[in-house]
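To start, I am sharing the structure in question, which I have written as structure tokens.
The values are calculated or read from the model by the stated rules, or taken from the named source; none is laboratory data. Since the model is a prediction, treat every value here as computed from it, not as a measurement. Every residue, glycine among them, receives a Cβ derived from its backbone with ideal geometry; neighbour counts consider all protein chains shown. With ligands, DNA and RNA removed, areas are computed over all heavy atoms of the protein, side chains included. Shrake-Rupley method; radii C 1.70, N 1.55, O 1.52, S 1.80 Å.
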Amino acid sequence: MEDKLNIIIDSNDYDDKWPKYERSAVRGIVKKDNRYAFIKSDRYGDYKFPGGGREEYESDIDTLKREIFEETGISIDADKAVYFGDATELCHIGGNGDVYKHISHYYMYDMTGDEECISLDFADKDGNLEFVELETALSNNLGIMEKESIPWIERETKVMKKLQIREE
């Protein structure tokens, strides 16, 4: 059995006794042939996997289906999605001693060609859908100099590296 993704990114800028504000998100690693679906940021030029926050009433799979469709226009068969693992980010937020704990649950999905893919220029207000090779996205993200402005880039880049190792 392959190792599951288990990334922890901890800024260590807080006290463990501080209250934690927790948020969960679900992200899709959608592959078609030898390329992956990414949202390329218009603002920063980085690549990130499509996905977003889980609503209270939703399961991971419900969130995955909704977020993939909202951000890419791809309608997936959720029964074919395979859990890949989690990335947890911890950091101090605000001035009142709160800790932000953000958990992203990643699912792999291999497009068979039967899926309907609608080009939605408005789907993700921060970027556009691009299918690119993993190495291209990883190289791009590693080359971005202004990483402080992009809180998710470390998480997404680490997930790409883990995926790259898995594919070797």
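Among the aspartates and glutamates, which fall within straight-line cross-link reach of residue 4, defined as a Cα-Cα distance under 12 Å, with same-chain neighbours fewer than 8 residues apart omitted?
86
List the GluC sites (Glu not before Pro) within region 45-118 that DSSP assigns to loop and that have no more than 12 neighbouring Cβ atoms inside 10 Å.
Those that pass, being in a loop and sparsely packed, are 55, 56, 116.
Counting each pair of different Cα atoms once, what's the Kirkwood radius of the chain in Å, rounded to one decimal?
Hydrodynamic radius (Kirkwood, Cα pairs) of the chain is 16.6 Å.
Which whole-number value in Å² is the accessible area per residue of the chain, probe 1.4 Å?
Counting only protein heavy atoms, the per-residue value for the chain is 56 Å².
Of the options 45, 11, 64, report the single residue whose Cα projects farthest towards the positive end of the charge dipole of region 3-79 (beta-carbon charges: Lys, Arg +1; Asp, Glu -1).
The one lying farthest along the dipole's positive direction is 45.
Now a separate question. Can you grab the distance from the C-alpha centre of region 1-21 to the C-alpha centre of region 40-79, Å, no decimals?
Taking the Cα centre of region 40-79 as reference, the centre of region 1-21 is 22 Å away.
Based on the Kirkwood radius over alpha-carbon pairs, what is the Stokes-Einstein translational diffusion coefficient of region 1-64 at 10 °C with 1.306 mPa s viscosity, in µm²/s? If you can, show how the numbers build up before the last one.
Working: Rh = 15.0 Å.
Here the translational diffusion coefficient equals 106 µm²/s.
From the cross-link list 20/80; 20/162; 48/80; 20/40; 101/147; 48/162, which pairs have alpha carbons spaced over 24 Å apart?
Working: 20/80 34 Å; 20/162 27 Å; 48/80 21 Å; 20/40 30 Å; 101/147 20 Å; 48/162 14 Å.
Beyond 24 Å: 20/80; 20/162; 20/40.
Under unit Cβ charges (Lys, Arg +1; Asp, Glu -1), what dipole magnitude, rounded to 20 debye, does the chain have relative to its Cα centre?
For this selection, approximately 280 debye.
Given 0.36 nm per residue, what is the gain on full extension from residue 75 to residue 12 after removing their alpha carbon distance, in nm?
On the way: separation 63, 0.36 × 63 = 22.68 nm, distance 3.89 nm.
Net length gain for the segment: 18.8 nm.
Please report, as a whole percent, how much of the solvent-accessible surface of region 1-52 comes from carbon and sulfur atoms (probe radius 1.4 Å).
With neighbouring chains kept in place, the figure for region 1-52 is 40 percent.
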